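Okay, structure first, notes after.
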Amino acid sequence: MGKDLKGKELGKGISQRADGNYMGRFVDKYKKRHTYYNRDLKVLKKTLDKARYEAEHGIYGDGSDITVSEWFEEFMRLYKVGKVKDTTEYRIRQTFANCRKDMLGDMKLQAVRCIHVQNLVNSLHEKGFSYGTINLLKSLLKEMFKMAIANGYMLVNPCEAVVMPKKVKYEPRFLTEQEQDMFLEAAKEYYHYDVFCMNLSCGARIGEVLGLKWSDINFEDKTIHIQRTLHYAKLTADDRVHFFFTSPKTETSDRIIPLLPETETVLRRVRKKQLMNKILNASSWHQEPPFEDMVFTSVQGTPVMYGDVNRAIKKAIVKANLQEEEFAKFEGREPFVLKEFSPHCFRHTFVTRCKKNGIPYETIQPYVGHSDKEMTEYYDHNKPEMDVVGLKKISFLNVV
């Protein structure tokens, strides 16, 4: 509680300066300090109350003080949270994260010009971001600025004149039989080896694989229910990094797929190792809802991070190339270099194996959970059917 010059209490955040002026202060939900002055205490209190209300309820007057990042949070609260799927909300926040890393996020909303957005687009393109990722960000900013204009905070949408980089169609990276054999041989002693094998033998997204629970696996009916994706990230700017689930990427991503023989072998091996870990690490084994009964865990029972899987892949690639250099030197030939790849490459490899073994792409749609849009764009077919018999004849792990 502040006081006037005579020691009388004036109320929270209000005090009187030596020159007789009254000063009112408060900190809004974005940790931003607001300060107001007036010689009339009643007027100051009214001004302070109005400012607090506006800050609390997202009313920013003419918008001159709000930054792009602050408007993003208000935009989410007003137009997205509770109105879109949790998966969509998460992806929107992930898309906007590139603005927080750039000067654009800290700029005043009204100061943003086309050149600032263009610089961000150009920078992301130079860093190797895909056309799709950049276009998603541009679309998000365009929608945000459109709503800012509707609220009277801006006059012109700075995204209208932004020029996108040329769209380049990239061929999906997949492992050749030689690459896969070379990688798996080097990766055998890594803790996440079974994650690699699972991903290669079922073609699911890495988040779907890491999000599997034993209750999703039906060894009797030979099926797997893919119904969630595991993440390890921040949900909001002020949040801490933590594990959480979202529903699968698209409506067709929530699916029940056949448990193929090779995948079953991998899962039974994982189950044995996990039970052994639970016994050996009984004092440190720990699982909390909703992360109990997970298929893939650390030795302490916690979920597996995508980043750890990605790092293990990179280490295995380095090891594989070092081994290949030694073999090539001994055999007097040029070494075969295994190029880097991400976990998503396993999914492309699965689909490629299917194609090589005579299964049309469109028949695999229900298995991998492609959306109709993806099928139309890449495979030009709209009546997918699952060829389980054909799938069971394919070896996804023993390729050479």
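Of everything in segment 306-351 that is surrounded by fewer than 17 Cβ atoms within 10 Å (Cβ to Cβ) and of a type in the set (A, V, I, L, M, F, W, C), the residue that is farthest from residue 217 (Cα to Cα) is 330. Look at residue 43 and say whether it is modelled with pLDDT of 80 or more, farther than 22 Å from residue 101 by Cβ, open to solvent by 60 Å² or more (accessible area, probe 1.4 Å) and not in a helix (DSSP H, G or I). Criteria not met by residue 43. If the condition is being modelled with pLDDT of 95 or more, closer than 22 Å to residue 243 by Cα and part of a loop (DSSP other than H, G, I, E, B), then segment 192-223 contributes 192, 211, 212. So for segment 122-137 (the condition being touching an Asp or Glu at 6+ places or on another chain (Cβ under 8 Å) and assigned to a helix (DSSP H, G or I)), does at least one residue qualify? The answer is yes, given that some residue of segment 122-137 is touching an Asp or Glu at 6+ places or on another chain (Cβ under 8 Å) and assigned to a helix (DSSP H, G or I). Name every residue in segment 222-245 that is in contact (Cβ under 8 Å) with a residue 24 or more places away in the chain, open to solvent by 50 Å² or more (accessible area, probe 1.4 Å) and more than 16 Å from the chain's Cα centre (by Cα), in order of residue number. Of everything in segment 222-245, those that are in contact (Cβ under 8 Å) with a residue 24 or more places away in the chain, open to solvent by 50 Å² or more (accessible area, probe 1.4 Å) and more than 16 Å from the chain's Cα centre (by Cα) turn out to be 222, 225, 227.
Only a single criterion out of (1) within 17 Å of residue 154 (Cβ to Cβ); (2) not in a helix (DSSP H, G or I) is not satisfied by residue 83, namely (1). The set of residues from segment 143-197 being buried (at least 18 other Cβ atoms within 10 Å of the Cβ) and among the aliphatic types (A, V, I, L, M) comprises 144, 148, 154, 162, 175, 182, 184, 186, 187, 195. Taken together, the criteria place residue 127 among residues that are loosely packed, with under 15 Cβ neighbours inside 10 Å, within 20 Å of the chain's Cα centre (by Cα) and not aromatic (Phe, Trp, Tyr).
The values are calculated or read from the model by the stated rules, or taken from the named source; none is laboratory data. Because the structure is a prediction, the values reported are computed rather than measured. In this analysis, Cβ positions are derived from the backbone assuming ideal geometry, glycine residues included, and neighbour counts consider all displayed protein chains. We work out accessible area using only protein heavy atoms, side chains counted, and drop any ligands, DNA or RNA first. Shrake-Rupley method; radii C 1.70, N 1.55, O 1.52, S 1.80 Å.
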